[in-house]
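Novice: Provided herewith is a single structure, encoded as structure tokens, for subsequent inquiry.
The values are calculated or read from the model by the stated rules, or taken from the named source; none is laboratory data. Computed from a predicted structure; not experimentally measured. As a convention, Cβ positions derive from the backbone with ideal geometry for all residues, glycine included, and neighbour counts pool all protein chains shown. Ligands, DNA and RNA are stripped out before the accessible areas are found, and what is left, the full protein with its side chains, is counted by its heavy atoms. Shrake-Rupley method; radii C 1.70, N 1.55, O 1.52, S 1.80 Å.
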Amino acid sequence: QVQLVESGGGLVQAGGSLRLSCAASGSIFRLNVMGWYRQAPGKQRELVATITSGSSTNYADSVKGRFTISRDNAKTTVYLQMNSLKPEDTAVYYCNLRTIRNEYWGQGTQVTVSS
């Protein structure tokens, strides 16, 4: 069984920065995609950024140039550096891991950006 444990959320003022971390444990197929999604109140969950085990990245247009996703394959950990945060970035952020056979989600971490 794969478990994803997120950390790093919190409250920050607009223009500030936060760094989210997600550590995966368990039996993980080496070819995978890890990523971050977010869900604001009353809205659907949306993609923020993904990174493959080969380090190819993909970002939502709304975060390009402000957020950076990275990973440590040795530790199967993925990070999301969030800079120039805006109130509209406020949401619960979820870590995701996908392999050819399975998909896993973390429990979510709250990010709140005050104006």
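Novice: So, in segment 98-113, of the ones that are assigned to a strand (DSSP E or B) and under 15 Å from Phe29 (Cα atoms), which residue ends up least open to solvent (accessible area, probe 1.4 Å)?
Specialist: In the first step, residues of segment 98-113 are kept if they are assigned to a strand (DSSP E or B); the result is 98, 103-105, 109-113.
Still in the list and also under 15 Å from Phe29 (Cα atoms): 98, 103-104.
Details: Arg98: 89, Glu103: 95, Tyr104: 48 Å².
Filtering first and then ranking leaves Tyr104.
Novice: Also: Take the residues in segment 1-37 that are part of a strand (DSSP E or B) and β-branched (Val, Ile, Thr), then tell me which one is farthest from the chain's Cα centre (by Cα). Break it down stepwise before answering.
Specialist: So the first thing to find is which residues in segment 1-37 are part of a strand (DSSP E or B), and the list is 3-7, 10-13, 18-25, 33-37.
Of the ones still in play, those that are also β-branched (Val, Ile, Thr) are 5, 12, 33.
Working: Val5: 11, Val12: 17, Val33: 11 Å.
The qualifying residue farthest from the chain's Cα centre (by Cα) is Val12.
Novice: Could you run through segment 38-97 and say how many residues are under 13 Å from Leu18 (Cβ atoms), open to solvent by 10 Å² or more (accessible area, probe 1.4 Å) and in a loop (DSSP other than H, G, I, E, B)?
Specialist: Of segment 38-97, the ones under 13 Å from Leu18 (Cβ atoms) are 38, 48, 63, 66-68, 79-86, 89-91, 93.
Right, trim to open to solvent by 10 Å² or more (accessible area, probe 1.4 Å) and you get 38, 66, 68, 79, 81, 83-84, 86, 90.
Now drop any that are not in a loop (DSSP other than H, G, I, E, B), which leaves 66, 83-84, 86, 90.
Qualifying residue count for the region: 5.
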